[in-house]
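These notes are about the structure you will find just below.
The values are calculated or read from the model by the stated rules, or taken from the named source; none is laboratory data. Computed from a predicted structure; not experimentally measured. Backbone-built Cβ (ideal geometry, glycine too); neighbour counts: all protein chains shown. What goes into the accessible areas is simple: the full protein's heavy atoms, side chains included, and nothing from ligands, DNA or RNA. Shrake-Rupley method; radii C 1.70, N 1.55, O 1.52, S 1.80 Å.
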Amino acid sequence: VTITAPNDAEIWINNEKKSIGTWTGALQYGYYIFEARKEGHRPEKRQEHIYEKRSEQTFTLEAPKPMLGSLMIEGSQTSAKVTLDGKEVGTLPLKLKDILVGEHTVVVSMYGYITQTKKVTINEGKTEKITVELDIDPSHKLHKHGHSHNIVLQNELLKKVKAFYQHGVDLAYTMHSV
């Protein structure tokens, strides 16, 4: 008997894992349940009868169907970079759709701030929400001199004002030293 499953799915026969992708082996005649399984996916099953007098039988399983949810990531540093499971996905605030169920790692980072890492569990058909607030990195050269910290905070406030009005408002707060 040869069984194939697409997308590197695991092949299970009567609740016993046999292989990934393709399995070939001998089975006694009788009824069997073949499954294609993959983490974060709904398994695809089919029952088959193996005949005693046939020498070779081949079966192709359907691909497991993904189970998906969404994630909303918020925080006050509106331009902070967000990565999900090591892949850059955008900046705060951010809503991500069609994420496989299960545990994921969110990393939020911004120049001059301490990077935050959070674990989140995505559930099927639901939107999970997390808030990430970055703390200023006191050891960073941007914040070592007296007024630099204040400039960063002012620029964060201006970003919020721009986001609120969103009508061509162009504001900036800078400080020059000699």
**OP:** Would you check the accessible area of Ser70, probe 1.4 Å, heavy atoms only, in square angstrom rounded to 10?
**Re:** 20 Å²
Original post:
What residues of the stretch 95-121 lie in the reach of a label at Asp135, counting those whose backbone N is under 12 Å from a point 7 Å from the Cα along Cα→Cβ?
Top reply: 114-116
Subject >> Charge sum, other residues only, whose C-beta stays under 9 Å from Tyr113's C-beta, Lys/Arg counted +1 and Asp/Glu -1 >> reply: -2
Original post:
How fast does the stretch 1-46 diffuse by Stokes-Einstein, in µm²/s, taking the Kirkwood radius from C-alpha pairs at 4 °C and 1.567 mPa s?
Top reply: 121 µm²/s
Original post:
Accessible area of His104, 1.4 Å probe, to the nearest 10 Å²?
Top reply: 20 Å²
**OP:** Using only protein heavy atoms and a 1.4 Å probe, report how much of Lys81 is accessible, in Å² to the nearest 10.
**Re:** 80 Å²
**OP:** With only alpha-carbon atoms counted, please give the Rg and Dmax of the stretch 24-82, in Å.
**Re:** 21.4, 70
Subject >> Two-site label geometry, Ser70 and Thr2: point separation in nm, points 7 Å out along Cα→Cβ >> reply: 4.4 nm
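Work out, in µm²/s and without decimals, the Stokes-Einstein translational diffusion coefficient of the stretch 52-97 at 10 °C, 1.306 mPa s, Rh from Kirkwood over C-alpha pairs.
In µm²/s, the coefficient is 110.
If you rank Tyr113, Tyr31 by how much accessible surface each has, with a 1.4 Å probe, what is the order from largest down? All intermediate terms of the calculation are to be shown ahead of the outcome.
Values: Tyr113 20, Tyr31 150 Å².
Greatest to least solvent exposure: Tyr31, Tyr113.
Just subtract the alpha-carbon distance of Glu48 and Glu88 from 0.36 nm times their residue separation and send over the number in nm, one decimal. Show your work: numbers first, answer last.
Values: separation 40, 0.36 × 40 = 14.40 nm, distance 4.37 nm.
Once the chain is fully extended between Glu48 and Glu88, it gains 10.0 nm.
Quick check: at a probe of 1.4 Å, how many percent of the accessible area of the stretch 29-146 sits on carbon and sulfur atoms? Mind dumping the intermediate values first?
Details: 3460 of 7300 Å².
Roughly 47 percent of what the probe reaches on the stretch 29-146 is carbon or sulfur.
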